[in-house]
1. In debye to the nearest 20, how big a dipole does segment 26-133 give about its Cα centre with +1 on each Lys and Arg Cβ and -1 on each Asp and Glu Cβ?
2. Test of the criteria: in segment 1-45, which chymotrypsin sites (Phe, Trp or Tyr not before Pro) are in a DSSP loop and have at most 10 other Cβ atoms within 10 angstrom of their Cβ?
3. Please compute the modelled spin-label separation between THR38 and VAL16, points set 7 Å along Cα→Cβ, answer in nm with one decimal.
4. Using θ = phi - 60° and the Karplus form 6.51 cos²θ - 1.76 cosθ + 1.60, what ³J(HN,Hα) does each residue of segment 43-54 get, whole Hz, x for Gly and Pro?
5. Gain in length, LEU8 to THR63, computed as 0.36 nm per residue apart minus the alpha-carbon separation, to one decimal in nm?
6. Given the C-alpha centroids of segment 1-80 and segment 88-133, what is the distance between them in whole angstrom?
7. Would you mind working out the accessible area per residue for segment 67-133, using a 1.4 Å probe, and quoting it in Å²?
8. May I ask you to give the percent of accessible area on segment 1-127 that is carbon plus sulfur, with a probe radius of 1.4 Å?
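The values are calculated or read from the model by the stated rules, or taken from the named source; none is laboratory data. A quick note: this is a predicted structure, and the numbers were derived from the prediction, not measured. Backbone-built Cβ (ideal geometry, glycine too); neighbour counts: all protein chains shown. Each accessible area value is taken on the protein alone, full model and side chains, heavy atoms only, with ligands, DNA and RNA left out. Shrake-Rupley method; radii C 1.70, N 1.55, O 1.52, S 1.80 Å.
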Amino acid sequence: MRFEFLELPGEGPAFVRPVIPVQVEDLEEAPQLCLVDTGAIASRFGAWLAEATGIDLAGAPETTLHIGGLTTTARHGRAALTIAGVRYDAPVSFCEPWPFAFNLLGQEGFLRFFRVSLCAADRWLEVDAESER
């Protein structure tokens, strides 16, 4: 499925980026805009999403991270993500604080499940589930 690059919320109209709408668990009415980050190992989402979708992070391993000039605590869990109609179980780090209006898709929670082609010159990316190839 092809996705057009979009502006990130709060970033202004200067740049468009490779982003994908992602459904977290059964939160169909609020797909999350996620930046595809090929340099990130883990996918990072705001901690509020775990609470909103009923993901229990009690006793989950924690890591202190530095992202975009911010120090945050990541609690590591798993979530059902749906991208381009494909639902799969993925490792996700739920971060607090997370002041960004978008989330990050990294290698372990996204790129290992999908084959991605992108064309920055024409501002699009395509994703195909690895199981469909």
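1. It comes to approximately 280 debye.
2. For chymotrypsin sites (Phe, Trp or Tyr not before Pro) across segment 1-45 that sit outside H, G, I, E and B with at most 10 neighbouring Cβ atoms in 10 Å, the list reads PHE15.
3. With each label point 7 Å from Cα toward Cβ, the separation is 1.9 nm.
4. 7, 10, 10, x, 4, 4, 5, 4, 5, 5, 9, x
5. Full-extension gain reported as 17.2 nm.
6. Their Cα centres are 9 Å away from one another.
7. 50
8. 51
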